[in-house]
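Report on the following structure.
The values are calculated or read from the model by the stated rules, or taken from the named source; none is laboratory data. Quantities reported herein were computed from a predicted structural model and do not represent experimental measurements. Cβ placement follows ideal geometry from the backbone for every residue including glycine, while neighbour counts extend to all protein chains displayed.
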Amino acid sequence: CGSPLVAEIAGGTIMAVTLGTVDGDPPVPIGCHMFVRSRASWYEIHDDLPQYNEYPPNMSQFTPTD
């Protein structure tokens, strides 16, 4: 589909992995929920983590990797 599976964010200081490609629970703590405006209407977020409709302010630079 052309969607990146891995991305470098903030000039490579943060790496993002599409969670749909992870088998089981992620091995690192989740820091926030991104793109909550486009989530499925039936999906409910039940934790107190920060929620952002787009990228969080500290992730404004997004560069997909090859």
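Output the residue which, of all residues in segment 13-48 that are assigned to a loop (DSSP other than H, G, I, E, B) and of a type in the set (Val, Ile, Thr), is surrounded by the fewest Cβ atoms within 10 Å (Cβ to Cβ). Ranking the qualifying residues of segment 13-48, first place goes to Val28.
Restricting segment 5-37 to residues that are among the small types (Gly, Ala, Ser) and over 12 Å from the mean Cα position of the chain (by Cα) leaves a set whose member that is modelled with the highest pLDDT is Gly24.
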